[in-house]
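Visitor: Mind having a look at this structure? Questions to follow.
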Amino acid sequence: MTPHREKPAEGSESVDVIDDDLTPEQLAAQWQAEAPPPAGPIANLAASLVVLALGVAGLVMSIGLGLGTPSQPRPGMWPFVVSLVIAVLALAQLIVGRRGGRDGEKFSKLSWLAAIGFATLLAMVWLMPVIGFEIPALLLCLVWMKFLGGETWRGAILYSLLVVAAFYGIFILALGTSIPHLF
Amino acid sequence: MDFLQPVIDGFGVVLMPSNLLYCLLGVVIGMLIGVLPGLGPAATIAILLPLTYGIEPVTAIIMLAGIFYGAQYGGTITSVLLRLPGEASSVVTVFDGYQLARKGKAGTALGIAAIGSFIGGTVAIIGLTFLAPLVASFALDFGPPEYAALALVGILLVATISNGAKIKALIAAAFGLLLATVGRDVFTGAERFTFGNLSLADGIDFVPVAMGLFGVGEILYNLEERHRVAQAPATVANVWPSRKDLKQSAGAIGRGSVLGFFLGILPGGGATISSLAAYAVEKKRAKNPERFGKGAVEGVAGPETANNAAATSSFIPLLTLGIPANATMAIIFGALLIQGVTPGPQLMVDNPDLFWGVVNSMYIGNILLLIMSIPLVGLFVRILRVRAAILAPITALITLLGAYTIRNSMFDVLLVVLFGAVGYLMKKFGFEPGPLVLAFVLGALLESSLRRSLLVLDGDVAGFMGRPISATLLVVFVLVAVWPMVKSAMDRRKNSLTSSPTTSKENV
């Protein structure tokens, strides 16, 4: 990759000259302020309930596998113990984190970018065995660079083509892997 | 000097051209990802796991280790020049490093950091050389109960020392243990949690889990995280620190080496914690602590030395006990398992080439890094101009195609993507993926040691307390488990006693 000198990407902040004299404490506070807000109580409730459900499901399935005794454990014994720990911890988190706590991050509009990214990855997994990796990879690069990354059309197309060509060269021509490919 | 013979033979392994090449490759990749904000060493190592299938075990681990300690060097550069910590372990370097850069002493800060890192790394390798055989010989007598206790303590420490919500970290760890039970039960042959899926019958492979949780998870997370774009930094002149600076920071480098070495060995310790601790120590020891935060050389030298020493010494518990001390070590543990090598006390005896080859490669790696970070610093600064928008799809494609090449299986790729979503959601909801991966790696060992010990002890759980080592470890386990609860209860009492002004101040 060659470093290049076009415009700095979108959202670049102006050089912060004024606040250069921050003490470590102020700097830490500034970072804290710039960090996304914590996930909050609803997220905690949802997460704890999901974990609780997983724990309970684990308990039920472990019992189905048979527990046995400590000296003669059956396959379900260990998963049962672990699932029990999960369920208990989930209940504890439900109570401890009821006011939200400081962990996690709230979803924002930008979270859609991650969701779209995930969808393109899934599409790639689905399409790769059907039409080879080249076209899906090209599309993935275009979407990520243009729509998720805010590159220009020209840059996105150029770099996408370069990237796919490079991957073709490395994985198919040089390494001779059996990745499904069209050409 | 029988003891030194394998050490010397290890140099023969390192000096083989292919190993040297991969060592160079590893440290260069490490430097790069250290400079670039976004992907950390754990994610990078996870993404590159497929690469290790085709090469010798020694070579693979030499490269992965190089990525890990190389990242500690690279993280410094952005901390000093741009006030952007490239890695978590370089956050404290920002405080004084950036101030030095503003005074036109960026070169001094980088030079001191590189020299400190080199000394810290080297001291830690020497310490490792002498301490590791001792630990391993001690651990040779360990039976299943000791291993079970050790694995439990390791998982618990990693989960509780991690920053963020402790209970959530513990949940992540327990979930890792549960995931490890998927597949055929080794004792009875019964299938557990496979839902009749043939691909799951052999259990979930470590590589897709690590690549997904760390690799894709972080890639997705970075998509929405708008990194502050770096402005082109001032040119760096005069990288060699003056004699006065060196003299001033000599003590800090010495203390940082020792502190980092010991904090790195502890489970849950590692580069980040030791850099914080070293900064605190230097500030406390200083005659006029108000210099700190305004460009004190010791404030750069101490933490930068300590994080490298810790990165090196955290290999000790992995290579001698088979217990990874942090998430990155868990991935290297997985990489060793892929290669058919089980880390543990036997490693040094059964695979002296691998053990000493990896350890000694760190000398070479540190020399390479010293060379790269002083004269070539300008080159790495230019890397910052490569934009995240272009790098993100490249890393995503490397991950997907890499995952496919492991077993030519689309199911693996799908697992990677799905675990990526899990990793992303875990981050958003405040669960750390580190304890999960660590527990997942240790899950099989923990379960089989527990069941074996129960066989040995006739199902008597109290028998663990009858053996001195396992008893000690379990006492530690209980202390670590209970301490946070006691502490939070104490804090709550203190908070309810103090008047409102302090609480309102906290909220500001």
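The values are calculated or read from the model by the stated rules, or taken from the named source; none is laboratory data. No experiment lies behind these values; they were computed from the predicted model shown. Cβ: placed from backbone, ideal geometry, glycine included. Neighbour counts: every protein chain shown.
Visitor: Which of the following residues is closer than 30 Å to A:Gly76 by Cβ and at the interface with chain A (Cβ under 10 Å from one of its Cβ atoms): B:Ala396, B:Ala389, B:Ala439?
Guide: Matching residue, one of B:Ala396, B:Ala389, B:Ala439: B:Ala439.
Visitor: When you check B:Ser249 against the structure, is it assigned to a helix (DSSP H, G or I), closer than 10 Å to B:Thr305 by Cα and modelled with pLDDT of 85 or more, yes or no?
Guide: no
Visitor: In region B:378-393, how many residues are in contact with a helix residue (DSSP H, G or I) (Cβ under 6 Å, 6 or more places away or on another chain) and not small (Gly, Ala, Ser)?
Guide: Result for region B:378-393: 4.
Visitor: Another question, if that's okay. Can you report the number of residues in region B:256-283 which are within 14 Å of chain A (Cβ to nearest Cβ) and surrounded by fewer than 23 Cβ atoms within 10 Å (Cβ to Cβ)?
Guide: So the answer is 3.
Visitor: Residues B:Met426, B:Met348: which one is touching a residue at least 12 places away in the same chain (Cβ under 8 Å) and within 11 Å of chain A (Cβ to nearest Cβ)?
Guide: Step by step, each of B:Met426, B:Met348 is checked, and only B:Met426 is touching a residue at least 12 places away in the same chain (Cβ under 8 Å) and within 11 Å of chain A (Cβ to nearest Cβ).
Visitor: Can I ask one more? Grab the helices (runs of 4 or more DSSP H) fully contained in region B:1-76, keeping just those with 1 or more residues being surrounded by fewer than 24 Cβ atoms within 10 Å (Cβ to Cβ).
Guide: Hits in region B:1-76: B:4-14, B:17-35.
Visitor: Starting from residues that are of a type in the set (Gly, Ala, Ser) and part of a loop (DSSP other than H, G, I, E, B), keep the ones in region A:68-85 and report whichever is farthest from the chain's Cα centre (by Cα).
Guide: Filtering first and then ranking leaves A:Ser71.
Visitor: I want to confirm something. Restricting to region B:148-191 and keeping residues that are of a type in the set (D, E, K, R) and under 18 Å from B:Glu432 (Cβ atoms), which single residue is modelled with the highest pLDDT?
Guide: By that ranking, first place goes to B:Lys168.
Visitor: Looking at region A:91-113, is at least one residue touching a Gly at 6+ places or on another chain (Cβ under 7 Å), assigned to a helix (DSSP H, G or I) and more than 9 Å from chain B (Cβ to nearest Cβ)?
Guide: So far as region A:91-113 goes, no, none of its residues is touching a Gly at 6+ places or on another chain (Cβ under 7 Å), assigned to a helix (DSSP H, G or I) and more than 9 Å from chain B (Cβ to nearest Cβ).
Visitor: Given the conditions (1) within 11 Å of another protein chain (Cβ to nearest Cβ); (2) buried (at least 20 other Cβ atoms within 10 Å of the Cβ); (3) under 30 Å from A:Arg74 (Cβ atoms), report the number of the one that B:Ser448 does not fulfil.
Guide: Here B:Ser448 clears every test but (2).
Visitor: Further, regarding this structure: Kindly provide the set of residues from region B:161-219 that are away from chain A (no Cβ under 12 Å), part of a helix (DSSP H, G or I) and of a type in the set (Gly, Ala, Ser), ordered by number.
Guide: Result: B:Ser199, B:Ala201, B:Ala210.
Visitor: Next up: Pairs needed: first member in region A:27-38, assigned by TED's automatic domain parsing to the domain that holds A:Gly101 and without any contact (Cβ under 8 Å) to a residue 24 or more places away in the chain; second member anywhere, exposed (fewer than 10 other Cβ atoms within 10 Å of the Cβ) and among the aliphatic types (A, V, I, L, M); C-beta distance under 9 Å; at least 6 residues apart or different chains.
Guide: Short answer, once both residue conditions are applied: A:Ala29/B:Val508.
Visitor: Looking at A:Val88, A:Val60, A:Val130, which is the one that is part of a helix (DSSP H, G or I), more than 9 Å from every other protein chain (Cβ to nearest Cβ) and more than 28 Å from B:Ile167 (Cβ to Cβ)?
Guide: A:Val130
Visitor: Is it true that some residue in region A:25-35 is within 15 Å of B:Phe431 (Cα to Cα) and not aliphatic (A, V, I, L, M)?
Guide: no
Visitor: Give me a count of the residues in region A:150-178 that are surrounded by 22 or more Cβ atoms within 10 Å (Cβ to Cβ) and outside any helix (DSSP H, G or I).
Guide: 1
Visitor: Something else now. Note down all Cβ pairs under 7 Å where the first residue falls in region A:145-164 and is without any contact (Cβ under 8 Å) to a residue 40 or more places away in the chain, the second is assigned to a helix (DSSP H, G or I) and of a type in the set (Lys, Arg), and they're at least six residues apart or on different chains.
Guide: Partner pairs satisfying both residue conditions: A:Trp153/A:Lys146; A:Ala156/A:Lys146.
Visitor: Tell me the residue from B:Ala481, B:Ala439, B:Ala462, B:Ala421 that is surrounded by fewer than 18 Cβ atoms within 10 Å (Cβ to Cβ), in contact (Cβ under 8 Å) with a residue 40 or more places away in the chain and either touching a Gly at 6+ places or on another chain (Cβ under 7 Å) or among the hydrophobic types (A, V, I, L, M, F, W, C) (or both), please.
Guide: Among B:Ala481, B:Ala439, B:Ala462, B:Ala421, only B:Ala481 is surrounded by fewer than 18 Cβ atoms within 10 Å (Cβ to Cβ), in contact (Cβ under 8 Å) with a residue 40 or more places away in the chain and either touching a Gly at 6+ places or on another chain (Cβ under 7 Å) or among the hydrophobic types (A, V, I, L, M, F, W, C) (or both).
Visitor: In this structure, is B:Glu146 surrounded by fewer than 24 Cβ atoms within 10 Å (Cβ to Cβ) and in contact with a Lys or Arg (Cβ under 6 Å, 6 or more places away or on another chain)?
Guide: So B:Glu146 fails the test.
Visitor: Next up: Considering every residue within region A:60-82, establish whether at least one is in contact (Cβ under 8 Å) with a residue 24 or more places away in the chain, β-branched (Val, Ile, Thr) and surrounded by 17 or more Cβ atoms within 10 Å (Cβ to Cβ).
Guide: yes
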